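Everything on this sheet refers to the single structure shown next.
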Amino acid sequence: MSDDNGGSWQPVDGINEHRTRAAWQPGFGGLALHSIVIDPDNADHIWIGISAAGVFRSEDGGATWTPANAGVTKTAASEEFDDIGYCVHKIVLDPDDSNRLYRQDHRGVYRSSDGGRSWDHAEDGLPSSFGFPMVIDRSTKTLFIVPLASDERRLPVDGRFRVYRSTNRSGSWEVSGTGQPDVPTYTQVLRGAMDTDDNGAVVYGTTAGSLGLTLDSGDSWETLPWTLPRILAVSSLQV
């Protein structure tokens, strides 16, 4: 962690030396701490996502960490610890309620209403519960994900590339808007390759190098006229 804008760094011993650390297992892409979520109203409240250990939460600014995975289906079970072994792909925090979180996991889409202490499935309307990216637009409170067929077939379901959205805090999901590919499309969006500017714009990049954009929170989409190398991450900036 850094408290001087990155000028210097100190180890976060509470997670680096966690009691479960020796039993963490790498996901397919390696052992990765990929998501950090901080409560905007209380910086001592932090959640992190580690593949394939799970979600951990801290209520003291990162000094101590508690696994936060109750209700989620395990992916890499540990014989020694019952509270790890979850391959979380992405976590996001509701902009209006710091107790409400959402997670795209290896084995499902989940929501929590108690700060991550417990989780429930949130998959109504989805063709598949497997995927990687998840973002929420702060202005409309709309959630976005890109479902894939399965762990074994990491491609759009039936070749139909679609961004799904939820406008009711994951109560249900629907295909978002018009303008998405109308021909069989076999590519995916990685966990860091989708972003929102919190004002209705969402952008994604695919492993085939294409960029998709909506400016109206998913009512309509366009594919930008560029083809890039495999896209690992994107960032949407409001200027």
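Only the coordinates and a few stated rules stand behind these numbers; no lab work does. As the structure is a computational prediction, the values presented were derived from the model and not from experiment. Here the Cβ positions follow ideal geometry from the backbone for every residue, glycine too, while neighbour counts run over all protein chains shown.
Looking at W47, Y204, P181, which one has the Cα that reaches farthest to the positive end of the dipole of the chain (charges on Cβ: Lys, Arg +1; Asp, Glu -1)?
In the chain, that residue is P181.
What chymotrypsin sites (Phe, Trp or Tyr not before Pro) in region 106-197 are in a loop by DSSP, with at most 14 other Cβ atoms within 10 Å of the Cβ? Numbers along the way, then the final one.
Values: sites: Y110, W119, F130, F144, F161, Y164, W173, Y186; in loops: W119, F161, W173, Y186.
Answer in residue order: Y186.
Residues of region 113-134 with the amide nitrogen closer than 19 Å to a label point 7 Å from the Cα of D82, along Cα-to-Cβ, please.
Correct set: 117-120.
Given (i) 19.9; (ii) 12.5; (iii) 13.3, which label gives mean projected area of the Cα convex hull in nm² as computed from the coordinates?
Recomputing mean projected area of the Cα convex hull in nm² here gives the entry labelled (iii).
Could you please report the charge total around G192, scoring K, R as +1 and D, E as -1 over all other residues with beta-carbon less than 14 angstrom from its beta-carbon?
Working: positive: K90, R191, R230; negative: D195.
Neighbourhood net charge equals +2.
May I ask for the distance between the Cα centers of region 1-19 and region 129-207, given as a whole number of Å?
Here the two parts' Cα centres lie 32 Å apart.
Please identify the GluC sites (Glu not before Pro) of region 114-204 that satisfy two criteria: DSSP loop assignment and at most 10 other Cβ atoms within 10 Å. Which are they?
The qualifying sites are E152.
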